[in-house]
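What follows is a set of notes on a single structure, which appears directly below.
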Amino acid sequence: MGATHEVTNQVPPLVGHDPIAGDAALADACRQHADQATLDSLKALGALAGSEQAQEWGRLANENPPRLRTHDRYGHRVDEVEFHPAWHELMRTAVEHGLAGAPWASPEPHAHVRRAVGYLGWTQVEQGHGCPVTMTYAAVPALRANRELAGWYGPGLTSREYQFGLAEPTGKRGLVAGMGMTEKQGGSDVRANTTRAVPRADGTSLLTGHKWFTSAPMSDLFLVLAQLEEGLSCFLVPRVLPDGSRNAFRLQRLKDKLGDRSNASSEVEFDGTVAWPVGPPGRGVPTIIEMVNLTRIDCVLGSAATLRAALTQAVHHAEHRRAFGAALAEQPLMQHVLADLAVESEAATALAVRLAAAVDAGEADLLRLAGAAAKFWVCKRTPAAVAETLEVLGGNGYVEESGLPRLYRQAPLNSIWEGSGNVIALDVLRALGRSEAALAAVRAEVEAARGADPRLDAAAARLAAELADADGREARARRIAGLLTLCLQGSLLVRHAPAEVADTFCASRLGGDGWGAVAGTLPAGAPVRALVERSAIRAA
């Protein structure tokens, strides 16, 4: 065989690693906010997540996107979506390992941290199926606004069994939930919704309208918003009614999306659709907002997972690829890029797991403000960071087989889902204006690290000045949300991360030396080799 057919200087496949226990930052966060036993309980999931089999599921689910079937062969409406078997393997794994609604029925004190750590590790395999997993998780507390409905459907939503297919919900071993808020005349402006609800004598209502973006339409149950005389209200819409008949849930088309291609997102028409009220009439937004706040936490987790998956690819490539006479990972400029990305990833991970710990602890005030700010900042940072990892691999990263193009297409999603940047930044201001307790909780979290690093103390003082200045606050909403998040991340890292991580974060993100335009601009003397070594994923 001629020399031209020899394959040299290509990296080995990235398999056999553990993105949960093998990720030092994620494992440390789990132990910090839960314990070693919680981390150990995810051992099987971590081993599967790093396996060749799971990676193949992710590839197949995206290369074989869902297909809409509106009618059967005889002309009857069925409104069903077909998925590749790999999709069902991903969903089954997530549900069986407790990443959907199971934490709400768990007696474990760290159930939500466990779920968050598992979610962050497992969704690195494939991000699209995280959408129905997230919505199922988030629907449970919102549904508790109607005790009867919670009694009917709660056991299925908190089950660890995955049972795909449309059937009467109370007869299924496990349920998946979705949400329908967005309409074509106004995305985030849900009060402009035109879907109408007409009450009936039996306590149900009939809905008429159109939802512009309803993901995971094969879910069993949906929380939707519709207008009553009292105002915008929340309803539960099942795909199959108690008598076993199909509800009027018409799938008009599936969206052709930039990313998230494994997951079906649809336009849905309601025409005499039976719905049950959830929460008081006219209080639809406050009722569903609990679900929205939880899905925003998963936006942070999902972005942290996307960033971590891309970083893992970049570090693995740099460790095995040689250029200009040395391994990429040994070259100073590459070390600075990888170290910068590693710090970004660890800061995102630390904050995401802290938010989950707040769910376990019932810290609603902290979640209200910190959750919104983190959703803005972490999700906004991810696309640029993933783009840098593409450059680490060069042309190899631009090829679909590497998996990075899928991560790159996925990266902007969480910044758009559940409120894009401006909406979330304004929600941060809304939380600041309406809840002194929320502001006090965030301040306490930042103040817990007071005196540990002068750069963090200075950033906290700048944040206090920003919050005290009422002039033009709306125009400064992004600045406030970003600085608030950086202060939270800095506090967490200074208290819990290794010194080289905390010091580099504070020097670059809070030190004011002009960092931030591009990755790889860390201050001189940063411990880049140690940071890269810490970020290298370990074997299962």
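Kindly state, to the nearest 0.05, the FRET efficiency for A465 paired with R173, given R0 = 41 Å and r defined as their beta-carbon distance.
On the way: r = 55 Å, r/R0 = 1.35.
Between A465 and R173 the formula returns 0.15.
So what's the net charge close to T8: Lys and Arg +1, Asp and Glu -1, counting the other residues with Cβ under 15 Å from its Cβ?
Summing Lys and Arg as +1 and Asp and Glu as -1 gives +1.
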note = Expressed in µm² per second, the diffusion coefficient of region 286-535 from the Stokes-Einstein equation, with Rh the Kirkwood radius over alpha carbon pairs, at 37 °C and 0.692 mPa s, is 178 µm²/s
message = With N set to the number of residues, divide the alpha-carbon radius of gyration of the chain by 2.2 N^0.38 Å and report two decimals.
response = 0.97
request  = Provide the FRET efficiency to the nearest 0.05 for the D202-V78 pair, computing r from the beta carbons and using R0 = 30 Å.
outcome  = 0.70
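From the convex hull of the Cα coordinates of region 39-163, what is the mean projected area in square nanometres?
9.1 nm²
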query = Against the longest alpha carbon principal axis of the chain, how many degrees, from 0 to 90 and to the nearest 10, is the axis of helix 111-122 turned?
reply = 70 degrees
inquiry  = Based on alpha-carbon centroids, what's the gap between region 74-115 and region 315-369 in Å, whole number please?
reply    = 27 Å
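Using DSSP to call loops (not H, G, I, E or B), can you name the GluC sites (Glu not before Pro) in region 212-276 whose Cβ has at most 15 other Cβ atoms within 10 angstrom?
E229, E230
At most 11 other Cβ atoms within 10 Å plus a DSSP loop assignment makes a site exposed; report the longest stretch of the chain without any exposed trypsin sites (Lys or Arg not before Pro).
Segment 201-540 is the longest.
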task = For region 155-248, count the residues as N, evaluate 2.2 N^0.38 Å, and divide the Cα radius of gyration by that value, please.
result = 1.14
key: Nearest 10 degrees, 0 to 90: helix 436-447 Cα axis against the chain principal axis   = 20 degrees
task = Subtracting the Cα-Cα distance from 0.36 nm times the residue separation, let me have the gained length for K184 to R67 in nm, one decimal.
result = 39.9 nm
key: Over region 1-98, volume per residue of the alpha carbon convex hull, in Å³   = 174 Å³
note = Here FRET efficiency (C-beta to C-beta, D40 to V7, R₀ 51 Å, nearest 0.05) is 0.85
request  = Over region 284-432, consider all pairs of different Cα atoms and compute the Kirkwood hydrodynamic radius from their mean reciprocal separation; express it in Å, one decimal.
outcome  = 16.3 Å
task = May I ask for log10 I(q)/I(0) of region 364-450 at q = 0.15, 0.23 Å⁻¹, from a Debye sum over the Cα atoms as equal point scatterers with solvent left out?
result = -0.66, -0.99
inquiry  = Please list, in order along region 313-322, the HN-Hα scalar couplings obtained from phi with the Karplus expression 6.51 cos²θ - 1.76 cosθ + 1.60 (θ = phi - 60°), rounded to whole Hz, x for Gly and Pro.
reply    = 4, 5, 5, 4, 5, 5, 6, 10, 9, 10
Principal semi-axes in Å for region 24-282 [√(5λ), Cα gyration tensor, largest first] = 32, 22, 16
request  = Would you pull out the residues with amide H under 5 Å of T273's amide H, same chain only if 5 or more places away, H placed 1.01 Å from N?
outcome  = L207
key: Contour excess over end-to-end distance, with Cα ends at A475 and R160 and 0.36 nm allotted per residue   = 108.9 nm
query = Pairing the Cα long axis of helix 24-33 with the longest principal axis of the chain, what angle in degrees results, from 0 to 90 and rounded to the nearest 10?
reply = 60 degrees
request  = Give, in nm to one decimal, the length gained when the segment between R538 and A437 is fully stretched (0.36 nm per residue of separation minus the Cα-Cα distance).
outcome  = 32.3 nm
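Every number here is computed from the coordinates shown, using simple stated rules; none is lab data. Values in this document were obtained by computation on a predicted structure and should not be read as measured data. We place every Cβ from the backbone using ideal geometry, glycine too, and count neighbours over all the protein chains shown.
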